[in-house]
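Where a number appears in this text, it was derived from the coordinates with a stated rule and is not lab data. Treat the numbers as computed from the prediction; the structure is a model and nothing was measured. All Cβ positions, glycine included, derive from the backbone under ideal geometry; neighbour counts span all protein chains shown.
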Amino acid sequence: MIKLKKIEQAIVEDKLSGMSDIEIGKKYKITYRQLEDILRKATGVSISSLKKEKEVKKLAPKDFKEETTTVWSFKSRGDWATHSGEYRGNWSPYIPRNVILKYSKPGELVLDYFCGAGTTAVEAKLLGRRCIALDINDRAIELARENIDFKIPCHESLIIYEPELFVGDARDLSFLKDNSVDLICAHPPYADIIHYTNHKEGDLSFLGINDFLKEMKKVAHESFRVLKPGRQCAILIGDMRRHKHVVPLGFKLINVYLDAGFKLKELVIKRQHNCKTTGFWYKNSIKYNFLLLAHEYLPIFEKPIYGSSCLSEQAKLYQELPTLSKKEPFKGKVSELETTTVWIFSEDKLDLSSEKNIIKRYAPTGKYRLIELTLKDEGKQCTASLPLDTIQLLFIKSPCLEFNGLSYEFVDIYLKYLKTFVTNAIRSIKRDGYCVIQTRDIRVKGYVEPMAKYIVDMFEDMPELFLKEIIVVSKENHKVQESFANLEITHQYLLVYRRL
């Protein structure tokens, strides 16, 4: 034990001297995860750097523009003010900056109940918002206090408020009154992926998925209580992987907040840029048939205004049932497969490139069937039955969701029709073959209908299907010049199921 403590102390000293993680790993023959545990034990926080000095060179990002679509992609993490990536698992400051600017006004109150190193608190201070931020880890709050300790030049048009930081539990916001918060902006842990304390009581990052979701129900209910009606709650969450299959933690957490009474105002896809896609990772992605997780979800919930309802239907456009039509297979080759869960293509090649990647990866022998769910009177109806156990891939596309003015009733019809077709057609897929469903979120009466989430929920208890991948596909360099009340939905999903 004494020898082990000396080794850990030597590792910390080498880290302080500036030795890189790779060099430390080679010298002491430890993994990166073991290094994380040693540093967390030494500092009390999940941190990758032990340097204390923080020189503020600028107080805002260069050439910043608010996001106007549902795909947010920041190649630079953000290094203005005291922001840095030293705190493991913290989010890019571009995220709270966008959320705060879009959903709050100067002087209003922003709440972050998973404070970490204080990214949201720093942005609230820079943007002239009041902020209350808490964290279960007292050492994280100490670090956050260091990060908010900087001066801002006086502005005639902007009053600066010092954030209030303290140790607290997101499940208990009893110090806040009902309907007292203007905006919630928080980044919770992703179950037990990254540990943020040394087994501190109340740390949700040590919980398994089911226990994590159970405790997050308490957080969601407290969020609903303290948030003002008509205001927003933004939460960043990602998926996980277990046994080479994706665990849709993002969709599961969205359900938790919807069950608490929230409506889904927006569903943003946050693209990650730190995923390696060449060499070793590319070869293994092909060899073992898996994709690197490269996306996170930023659901933006809204607390409904009491007495209002968005369930009434007025004009019902497109009341026709979806119908089936066969689609001709593509001709040509794909030079290189995508290896992450985010696929970005030029607008004119988006559909074709997606098809090529799906067919090449999941039907290499060429035995597949493409089916489109269209609207009545569009294309020829496909009535031919599919022979049993004959194809490697059933690829279902949903052009019927691309129309404007779709209703809640149509959403129900689409989901029931899709479930019936998949249930009947699944036996045409060979064992260990795939069913891929292309779908997209739609907006009905100002709120987002998360179609991919609905489908994942719908097939969760189907024993023959196992969710392997959730892929996000979007247009390349698609930026809307003007900012509107709602974000433009520019992404779609490819849900990859394996037949057991």
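Can you give the net charge of the other residues whose Cβ lies under 9 Å from the Cβ of GLU296, counting K and R as +1 and D and E as -1? So the environment of GLU296 carries a net charge of +1. Extension gain for GLU409 to HIS245 (0.36 nm times residue separation, less C-alpha to C-alpha distance): 55.8 nm. Note down the nm distance, to one decimal, between modelled labels 7 Å out along Cα→Cβ at LYS57 and at ARG145. So the label points at LYS57 and ARG145 sit 2.9 nm apart. The packing ranking, built from the mean of other Cβ atoms within 10 Å per residue, places the peptides 112-125, 169-182, 354-367 in the order 112-125, 354-367, 169-182, highest first. Taking amide hydrogens as placed 1.01 Å from N in the peptide plane, the amide H of ASN179 sits under 5 Å from those of VAL226, LEU227, each at least 5 positions away in sequence or on another chain. Longer than 25 Å from Cα to Cα, which of LYS252/LYS303; LYS151/LYS303; LYS5/LYS29; LYS430/LYS468; LYS356/LYS475; LYS416/LYS475 are they? Say none if no pair is. From LYS252/LYS303; LYS151/LYS303; LYS5/LYS29; LYS430/LYS468; LYS356/LYS475; LYS416/LYS475, over 25 Å: LYS151/LYS303; LYS416/LYS475. A simple rule links phi to the HN-Hα coupling: the Karplus curve 6.51 cos²θ - 1.76 cosθ + 1.60 with θ = phi - 60°, which for the range 229-235 gives x, x, 9, 10, 9, 10, 10 Hz, with x for Gly and Pro.
Full extension of the chain between ASP432 and GLU460 gives 8.3 nm of extra length, using 0.36 nm per residue less the Cα-Cα distance.
Look at the dipole of the range 107-198 built from charges on Cβ: of ALA144, HIS155, TYR113, the Cα furthest out on the positive end belongs to HIS155.
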